[in-house]
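Trainee: Right, I'll just put the structure down here and ask away after.
The values are calculated or read from the model by the stated rules, or taken from the named source; none is laboratory data. Predicted model, so just to flag it, every value in this text is computed and none were measured. Cβ atoms come from the backbone with ideal geometry, glycine included; neighbour counts cover every protein chain shown. Quick note on the areas: whole protein, heavy atoms, side chains included, nothing else; ligands and nucleic acids left out. Shrake-Rupley method; radii C 1.70, N 1.55, O 1.52, S 1.80 Å.
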Amino acid sequence: MSSSFGFDLRTLEAFVQIAETGNLTLAGQRLGMSQSSLSQILTNLEAEMRVELMDRSVRPMEITTAGRYLYDRAQSLLQEARLTSQKMRKADYKLLRHVKIALVDSIITAVGKPLIDVLRQRTQSWAAITGQSHLHAHMLLSRQADIIISDDPLADHSDLDRHRILKEPFVLAVPNDYTGPKTLAEVLQRLDFIRYSTSSLIGQDVERFLRLARQEPPLRLQLDNSFAVVSAVASAIGCTITTPLCLFQSGIRQHQVTLLPLGHGFAREITLTTRKGELGDLPGMIARDCRRILQDSFVAEIGAEYGWLLPQIKV
């Protein structure tokens with residue numbers, strides 16, 4: 001037997017018949033196999049398990065204590081195999097059985113319903129979670145998630161499929177009543193900086209950018225999500241670095257804060273990433289729907305207020 005388990009389902013099926021009949025000839029008739037073939041199967045199985053399974057010194061053969069243990073386990077395994085075979089024959093492969101998707105908050109808020117509608121139509125069961133964006137890559141690689149829509153495209157992994165959904169610039173958001181200079185360094189001298197939590201990917205990206213820009217605003221305000229961050233700016237508590245989609249997702253509309261160009265080519269990409277070959281055309285469908293909804297709603301609304309952003313937003 002080549003199986004690393006020491007047996008396969010055919011071997012277990014043969015052993016069950018031997019155990020129930022105590023007779024190799026009768027077991028062979030039930031299975032359509034020769035007595036010598038069954039005898040060899042039993043001998044090989046005992047060698048692999050390193051224990052005597054049947055007492056051959058009596059007629060009919062009697063099962064040993066170890067054999068009884070294997071017999072009970074074999075019955076369960078064979079029953080599960082039969083059920084699996086039946087379900088495989090009856091399954092509707094047009095529908096995926098269960099799909100779990102993890103995504104950034106801004107996407108579920110912006111395109112949540114169309115995305116969920118596609119999942120409902122193409123799967124028998126589904127689950128979606130948001131938050132903990134720093135864990136999304138691990139979830140996909142460890143098979144805790146089937147699809148992630150994230151800032152992290154896992155570029156170092158060649159065995160993944162990727163669909164870009166959105167590229168957008170980071171911007172500097174200030175309160176509407178701010179009238180001072182508009183460069184990052186000058187704004188940070190006048191306003192407190194409102195940070196995203198460093199456990200989020202967007203928070204990590206912003207901190208990396210600040211270091212590269214040689215800016216070290218005091219650590220005073222650190223909030224968990226875009227709604228809290230942008231609401232604090234709208235309330236004139238301070239300024240932040242965010243993205244147009246995060247502003248859109250927060251529900252705080254453009255007229256409640258002022259967006260300023262940040263420059264330096266600082267941008268983020270939202271990518272749908274999945275393991276290759278497992279979900280058919282579902283990832284592509286979700287990505288297309290996301291891009292369409294973003295174009296029709298988010299891009300149109302942002303462009304109406306901030307036309308200078310449109311050349312920097314790609315969907």
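Trainee: Using label points projected 7 Å from each Cα along Cα→Cβ, tell me how many nm separate ALA304 and ASP117, to one decimal.
Mentor: 2.0 nm
Trainee: Keeping all protein chains in place, calculate the accessible area per residue for the stretch 6-47 (probe 1.4 angstrom), answer in Å².
Mentor: On the way: 1930 Å² over 42 residues.
Accessible area per residue: 46 Å².
Trainee: For the stretch 18-74 and the stretch 145-191, write down the distance between their C-alpha centroids in whole Å.
Mentor: 66 Å
Trainee: Just report the Cα centroid separation between the stretch 254-315 and the stretch 107-127, whole Å.
Mentor: The stretch 254-315 and the stretch 107-127 have Cα centres separated by 18 Å.
Trainee: Next question, about the same structure. Whole-Hz ³J(HN,Hα) for each residue in the stretch 206-212, computed from phi via Karplus 6.51 cos²θ - 1.76 cosθ + 1.60 with θ = phi - 60°, x for glycine and proline: what do you get?
Mentor: Those phi angles translate into 5, 5, 5, 5, 4, 5, 5 Hz.
Trainee: Would you mind telling me the share, in percent, of accessible area of the stretch 64-147 contributed by carbon and sulfur at probe 1.4 angstrom? Write down the numbers at each step before the final one.
Mentor: Details: 2660 of 5090 Å².
Taking all protein chains in place, the stretch 64-147 shows 52 percent carbon and sulfur surface.
Trainee: Let me ask something else. For VAL99, list long-range residues whose amide hydrogen, built 1.01 Å from N in the peptide plane, is under 5 Å from its own amide hydrogen.
Mentor: Excluding prolines and chain starts, which carry no amide H, the hits are SER125, TRP126, ALA127.
Trainee: When ligands, DNA and RNA are left out and all protein chains stay put, how many square angstrom of accessible area per residue does the stretch 168-315 have with a 1.4 Å probe?
Mentor: Details: 6750 Å² over 148 residues.
I get 46 Å² per residue for this part.
Trainee: Let me ask another. How large is ³J(HN,Hα), in whole Hz, for each residue of the stretch 153-167 in order, when computed from phi with the Karplus curve 6.51 cos²θ - 1.76 cosθ + 1.60 and θ = phi - 60°, using x for Gly and Pro?
Mentor: In residue order, the calculated couplings are x, 6, 4, 7, 10, 7, 8, 10, 9, 10, 10, 6, 9, 7, 10 Hz.
Trainee: Pull up all non-local amide H partners of ARG268: gap of 5 or more, or a different chain, and H-to-H distance under 5 Å with H placed in the peptide plane.
Mentor: Amide H neighbours of ARG268, under 5 Å, 5+ apart: GLU168, PHE170.
Trainee: Turning to a different aspect of this structure: Out of the stretch 1-84, which GluC sites (Glu not before Pro) are coil in DSSP terms and have no more than 16 other C-beta atoms within 10 Å?
Mentor: Working: sites: GLU13, GLU20, GLU46, GLU48, GLU52, GLU62, GLU80; in loops: GLU52.
Here the sparse-neighbourhood loop sites are GLU52.
Trainee: If you stretched the chain out fully between ARG89 and HIS264, how much longer would it get, using 0.36 nm times the residue separation minus the C-alpha to C-alpha distance? Don't jump to the answer; show the numbers that get you there.
Mentor: On the way: separation 175, 0.36 × 175 = 63.00 nm, distance 5.71 nm.
That pair, ARG89 and HIS264, stretches by 57.3 nm at full extension.
Trainee: Hey, another quick one. With Cα Rg over 2.2 N^0.38 Å as the read-out, I listed (1) 0.95; (2) 1.56; (3) 1.04; which label goes with the value calculated from this structure?
Mentor: Only one listed value fits the structure, namely (2).
Trainee: How big is the antiparallel share of DSSP beta bridges in the chain, given as a percent to the nearest 5? Don't skip to the end; give the middle numbers.
Mentor: Values: 24 of 38 bridges.
Among the beta bridges of the chain, antiparallel pairing accounts for roughly 65 percent.
Trainee: Another question, if that's okay. Consider a paramagnetic label point 7 Å from the Cα of GLN312 along Cα→Cβ; state which residues of the stretch 170-210 have an amide N under 12 Å from it.
Mentor: The answer is 170-173, 184, whose backbone nitrogens lie closer than 12 Å to the label point.
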